[in-house]
Amino acid sequence: QISDNWPGYSLDLFTYPQHYYGDLEYVLIPHGIIVDRTERLAKDIVQDIGDNDIVVLCVLKGGYKFCADLVEHIKNLSRNSERFISMKVDFVRLKSYHV
């Protein structure tokens, strides 16, 4: 959990593209932690599905990178297991309206 008053990680700990210089103040969640958590989520999904196939529904456009990473981790787990995991990926695009 990240508390509301946590100052984040110092930018001196990371390398990031120069075009972000001046725009960033700190890093809340480093990329490596996100990758580790995505891998763990893939493992949890594979354990929970049992003998069922997977249908992945990706919300465009913001969720594409996360979805692609998650699907890749699930594929890797399938390759390294005794059971083939059948997976179908589909995409939706959503709009929000504010009244």
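The values are calculated or read from the model by the stated rules, or taken from the named source; none is laboratory data. Since the structure is predicted, the reported quantities are computational estimates derived from the model, not experimental observations. As a convention, Cβ positions derive from the backbone with ideal geometry for all residues, glycine included, and neighbour counts pool all protein chains shown. Side chains are part of the model used for accessible areas, which takes the heavy atoms of the whole protein and leaves out ligands, DNA and RNA. Shrake-Rupley method; radii C 1.70, N 1.55, O 1.52, S 1.80 Å.
Loop-located trypsin sites (Lys or Arg not before Pro) in the chain (DSSP state not H, G, I, E or B) with no more than 14 neighbouring Cβ atoms inside 10 Å: Lys61, Arg83, Lys95.
Tally up the carbon and sulfur contribution to the accessible surface of the stretch 56-96 as a whole percent, 1.4 Å probe, everything protein left in place. Roughly 56 percent of what the probe reaches on the stretch 56-96 is carbon or sulfur. Each of Lys65 and Met87 was given a label point 7 Å from its Cα along the Cα-to-Cβ line. The distance between the two points is 1.9 nm.
Residues Ile74, Ile49 ordered from highest to lowest accessible area at a 1.4 Å probe: Ile49, Ile74. From the square roots a ≥ b ≥ c of the eigenvalues of the alpha-carbon gyration tensor of the stretch 30-93, which class results: rounded (a/c under 1.5), prolate (a/b over b/c), or oblate? Because a/c hits 1.5 or more and a/b fails to exceed b/c, the stretch 30-93 counts as oblate. Our summary gives the chain a relative contact order of 27 percent, counting only alpha carbon pairs under 8 angstrom and 6 or more residues apart.
The long axis of helix 31-49 is offset from the longest Cα principal axis of the chain by roughly 20 degrees. Computed over neighbours whose Cβ is under 13 Å from that of Arg40, the net charge equals -3, Lys and Arg +1, Asp and Glu -1.
Highest mobility in the GNM of the chain, judged by mean-square fluctuation with C-alpha springs under 10 Å and restricted to Leu70, Leu13, Leu60, is found for Leu13.
Only lysines eight or more places from Lys95 in sequence, or on another chain, were considered; those with a Cα closer than 26 Å are Lys61, Lys65.
Antiparallel beta bridges, as assigned by DSSP with both residues in the chain, represent about 10 percent of the total such bridges.
The stretch between Tyr16 and Thr38, if pulled fully straight at 0.36 nm per residue, gains 5.8 nm over its current Cα-Cα span.
The residues of the chain expose, per residue, 85 Å² of accessible area to a 1.4 Å probe. What the Cβ-Cβ distance of Asn52 and Ser96 gives, at R0 = 22 Å and to the nearest 0.05, is a FRET efficiency of 0.10. Simple point charges give the picture: +1 on the Cβ of Lys and Arg, -1 on the Cβ of Asp and Glu, and for the stretch 30-93 a dipole about the Cα centre of about 280 debye. Applying a DSSP loop filter and a limit of 16 other Cβ atoms within 10 Å to the chymotrypsin sites (Phe, Trp or Tyr not before Pro) in the chain leaves Phe14, Tyr21, Tyr26, Phe84, Tyr97.
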